[in-house]
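Each remark here refers to the structure printed beneath this line.
Bear in mind these aren't lab numbers, they're just calculated from the coordinates by the rules spelled out. All values derive from a computational prediction rather than experimental measurement. FYI the Cβ positions are ideal-geometry reconstructions off the backbone, even for glycines, and counts take in every protein chain you see.
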Amino acid sequence: MRRLTPSRLAKSGLIKSTMAAAALAATLSFSAGAVAQTTPAPNSTSAENAAPSADNAVMLTVFFKHDQSRPLSELNAQLEKQDFYKAFPPAGIEVVSWYVMMGIGQVVTLRLPADRLREVNRVLENTAWGSYRTEFYPTYDYKPTGLAAHEKAQAK
């Protein structure tokens, strides 16, 4: 029997399909009681004021891919017309990083309470679409767990 090496895994597509399944599972876990995308009820302000904490925080990396068929000045005018920078990021959402990726557009990583994910999505649907195509990658902070496992392994 042949041993599965990283290169064989990559060639077999197993890594990609495993990553896709994990991303889908994470996305579905956020939408487990999802309803139609409508404006939240007026009394739902507790979610808007919630701060990310160790037990409810997720990070969301958003790829804003430029529409390269249009000049930048036109894209910026559309963003301004749609109040993109006024609405994004929503108040109380932490911006972890915000980079320009040449040839792609912008990549923004946010930290937020999981129950505000829908709000961020709605802001982007209403203000970014048209200038950008968006891709979303929800993640969580694994650093403490990974470092603890590393330290435990080093102690053996």
Which value in nm describes the separation of the simple spin-label points at Trp129 and Ala87, placed 7 Å from the Cα toward the beta carbon?
1.0
Förster radius 22 Å - calculated FRET efficiency between Glu94 and His150 (Cβ-Cβ, nearest 0.05)
0.25
